[in-house]
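A short write-up of the structure that comes next.
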Amino acid sequence: MNNELYDAPKYHILTYGCQMNVRDSETIAGLLENSGYVSSGIEEADLIVFNTCSVRHSAENKVYGKLGEILARRRKKRPDMLVAFGGCMAQLPDVRQRLKKRGVDIVFGTHNVHELPALLDMAKQSRKPVFQVWEQEGTIIEPLPSLRKPGFSAFVNIMHGCNNFCSYCIVPYTRGRERSRKPLEIIRELNELAAAGYREITLLGQNVNSYGLGLENKVDFADLLLMANNVDGIERIRFMTSHPKDVSNKLLYAIAEGQRICEHVHVPLQSGSNRILNKMNRGYSREHYLELISRIREIIPEAAISSDLIVGFPGETEEEYLETLDMVEKIRFDAAFTFMYSARSGTRAALMEDQVEIDEKRKRLAQLNKQQYQIATEINRSLEGRIDEVLVEGVSKTDSQKLSSRTRTNRIVNFSGQKDLIGKLINVRITEARTFSLFGEVI
Ligand code: SF4
């Protein structure tokens, strides 16, 4: 055994929430490894890092539950273990108060992830808790080390923060205002990923459509996509999330033109009612959204369209909820993530008085899901017999005898095949459709 490695301090990261956090955890891992730490299982770790999400209350409760478990273990077995806490929850003052009482060693925020190694040193030397959270976003620091999981699919941040202030969302408060990475930095990262064998990249931002705001050179998201499309070795380009108010025709033509850009557009509708959209501060109407869907289908006929939908937003009447159902019926989304509204303290919607009863929200969600699942099943059935190019992602999570793959339109296809196909692009014939996945055979 390498003695140096044996003696090296060990870390374990617990990641909660969205792809942004997954990507931030890769940066945290890179920073820690550069400081001499090595990755380990949770039991052996000398340092446990929580990278947290505050989008929903349930996510916060999960974090507090796990934190309690870790701190209890530290008391009983590992008094020398350090606990660091970062991510969106750390940006919230009431959370930091709670962490102080519970004995967390290091707290850092979304804007100063790069400071983690220095904060660790301070905590070790002073043997006192170190809480350092930047309230305001700074300039983007490039390049930061990063430790990606080996594979063929990678997330790439193109921007940070959000300017939209949807009334139910905490993100602008925890991630700050929009800042775009320089296009050349992004393309440099893509070239490195291609050289390392990655074949699919997902460009990440809270609102990728507004990429480029504040950059010296006038480069928008459509330009960036086409630049990414020219990176040799990257076979598939995905992106999320698009805001319906900012999808330009230039962007849709770029998706249609770029051979490597996948024909999948995720555009969160959230509600089918204009009054509720207004209360949500979404910045578009149902008419605008329907017109957007027509433009997507006209310019990219092959495109799969997916969405996010919320039921039970404060004040949502039965009629307004039925307007959401009506949009689902009219548009026929290929897939939709559906949610019951849950109040997020610190947001404007949480202060609205006319909160909808939980039983009513449950009823609406169940009905909405039933309708959406039926539509998704019908669309999937129409694909039976068709031949599609898929990227083979690994062994299926639901059937270890099968491989799991994804079409350009983001549909999962499970099929029987040799493991050496993992990471490859192959053609499969769709043989059977289900609501959330397809079955196929290699041709
Ligand atoms: S666009 Fe709205 S929902 Fe999305 S991150 Fe920004 S504020 Fe939140």
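A few notes on this one:
- Dipole orientation for the chain: of the candidates Ile412, Gln371, Ser126, Ser126 has the Cα lying most toward the positive pole (charges on Cβ; Lys, Arg +1; Asp, Glu -1).
- Distance from the Cα centroid of the stretch 97-119 to that of the stretch 162-224 is 25 Å (rounded to whole angstrom).
- Taking a ≥ b ≥ c as the square roots of the Cα gyration tensor eigenvalues, the stretch 1-75 comes out oblate, since a/c reaches at least 1.5 and a/b does not exceed b/c.
- Dipole magnitude for the stretch 3-132: about 820 debye, using +1 per Lys or Arg Cβ and -1 per Asp or Glu Cβ, origin at the Cα centre.
- Helix axis angle, 19-34 relative to the chain longest principal axis, alpha carbon, degrees: 30
- Directionally averaged shadow of the stretch 3-132, computed from the convex hull of its alpha-carbon atoms, nm²: 7.5
- Arg98/Lys77 FRET efficiency (R0 30 Å; Cβ-Cβ; nearest 0.05): 0.80
- Amide H contacts under 5 Å for Ile261, placed H, 5+ residues apart: Ile237
- Scanning the chain for GluC sites (Glu not before Pro) lying in DSSP loops with no more than 13 further Cβ atoms inside 10 Å, the longest uninterrupted stretch between such sites is 45-134.
- At 1.306 mPa s and 10 °C, Stokes diffusion of the stretch 387-442 via Kirkwood alpha-carbon radius, µm² per second: 149
- For the stretch 291-382, the direction-averaged projected area of the alpha-carbon convex hull comes to 6.8 nm².
- Each Lys and Arg contributes +1 and each Asp and Glu -1, all at the Cβ; summed about the Cα centre of the stretch 387-442, the dipole is approximately 140 debye.
- Protein-only accessible surface order, largest first, of Asp94, Asp24, Asp399 at 1.4 Å: Asp94, Asp399, Asp24
- The magnitude of the dipole of the chain, with charges of +1 and -1 set on the Cβ of Lys/Arg and Asp/Glu and taken from the Cα centre, is near 1180 debye.
- Under the Karplus curve 6.51 cos²θ - 1.76 cosθ + 1.60, θ = phi - 60°, whole-Hz ³J(HN,Hα) for the stretch 226-234, x wherever Gly or Pro sits: 5, 5, 5, 4, 8, 7, 5, x, 7
- Amide H contacts under 5 Å for Thr202: Ala154, Phe155, Val156, Arg238, restricted to partners 5 or more places along the chain or on a different chain, H placed in the peptide plane at 1.01 Å from N.
- Rounded, prolate or oblate (a/c below 1.5 giving rounded, otherwise prolate when a/b exceeds b/c) for the stretch 315-443 by Cα gyration tensor: prolate
- Multiplying the residue separation of Asn61 and Asp46 by 0.36 nm and removing their Cα-Cα distance gives an extension gain of 3.0 nm.
- DSSP-defined antiparallel bridges as percent of all bridges, the chain, nearest 5: 35
- Segment Ser285-Ala196, length gained on full extension (0.36 nm per residue, minus Cα span): 27.7 nm
- Whole-Hz Karplus values for the stretch 51-63 come out as 10, 9, 10, 10, 5, 10, 4, 4, 5, 5, 4, 4, 4 Hz, taken residue by residue from phi with 6.51 cos²θ - 1.76 cosθ + 1.60 and θ = phi - 60°; glycine and proline positions read x.
- Rg/Rg_globular for the stretch 172-234, with Rg_globular taken as 2.2 N^0.38 Å and Rg from C-alpha atoms: 1.18
- Sequence-ordered 3J(HN,Hα) estimates for the stretch 254-268 from the Karplus curve with 6.51, -1.76 and 1.60 and θ = phi - 60° stand at 5, 5, 5, 7, x, 4, 9, 7, 6, 8, 9, 10, 9, 10, x Hz, glycine and proline given as x.
- Each label point was placed 7 Å from the Cα along the Cα-to-Cβ direction; for Glu135 and Asp420 their separation is 6.1 nm.
- All C-alpha to C-alpha distances of the chain, sorted into 20 Å bins beginning at zero, yield P(r) values of 23, 55, 22, 0 percent in whole numbers.
- Maximal additional length on extending the Glu357-Ser294 stretch stands at 19.2 nm, based on 0.36 nm per residue less the C-alpha distance.
- For the chain, the relative contact order comes to 10 percent (Cα pairs under 8 Å, sequence separation of at least 6).
The values are calculated or read from the model by the stated rules, or taken from the named source; none is laboratory data. Just so it is clear, the structure is predicted and the values come from calculations on it, not from any experiment. Cβ sites come from the backbone with ideal geometry, for glycine too, and all protein chains shown count toward neighbours. Note: areas computed on protein heavy atoms with side chains; ligands, DNA, RNA excluded. Shrake-Rupley method; radii C 1.70, N 1.55, O 1.52, S 1.80 Å.
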